[in-house]
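What follows is a structure written as structure tokens; I'll ask about it next.
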Amino acid sequence: MTQAIALDPSPDTIAWRKVSGHLIVIEELQVLASTVVVVAANLTALLFIHNRLPLLVAAVAVVIALVTAFVVARSVRSWRYAERDDDLLVRHGWFVRKLSIVPYARMQFVDVTAGPLERMFGLATVTMHTAAAASDARIPGLPTLEAARLRDRLSSLGDTRSEGL
């Protein structure tokens, strides 16, 4: 019971926000692309290798892709973030759960990035950088307007809160 409390601070008082469901599509497309490459390479190998090993490898790749697709969907659905008065909470993970608490006063800068697939779906990733590299947190799969709003808010709060340091 102690672990549940440590990974979910004040659950009744925090308004957790979800990331976009389109992030699942992006992650699944990446799994699909990898699987297609492996299967195509093994089917091509059948032209040169006269045994069933390439078929076995292709079948294993498909099974791994199906399991990965399930895990990816569950993992993406676990992403949440919450803005509090003094810090930002980011939690994620289906199998291994992680909670990051990033104080606004400790933020050095905020990045917004979007790869080609993210841009196609109108999404971006917000990354908060602090003095300790291990404490950097990111929130993937945000709609671009929400990412820009969060970036501006975090930058503003970071500037305001760090003035007293």
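Scan the stretch 118-147 for residues that are at pLDDT 95 or above and more than 14 Å from the chain's Cα centre (by Cα) and report the count.
7
Go through the residues of the stretch 11-33 one by one and say whether even a single one is at pLDDT below 95, surrounded by fewer than 14 Cβ atoms within 10 Å (Cβ to Cβ), outside any helix (DSSP H, G or I) and of a type in the set (A, V, I, L, M).
yes
Within the stretch 82-100, how many residues are surrounded by 16 or more Cβ atoms within 10 Å (Cβ to Cβ) and either free of Cβ contacts under 8 Å to residues at least 60 places away in the same chain or of a type in the set (Gly, Ala, Ser) (or both)?
Within the stretch 82-100, residues that are surrounded by 16 or more Cβ atoms within 10 Å (Cβ to Cβ) and either free of Cβ contacts under 8 Å to residues at least 60 places away in the same chain or of a type in the set (Gly, Ala, Ser) (or both) number 5.
The values are calculated or read from the model by the stated rules, or taken from the named source; none is laboratory data. Remember, it's a predicted structure, so these values are computed and weren't measured experimentally. Cβ: placed from backbone, ideal geometry, glycine included. Neighbour counts: every protein chain shown.
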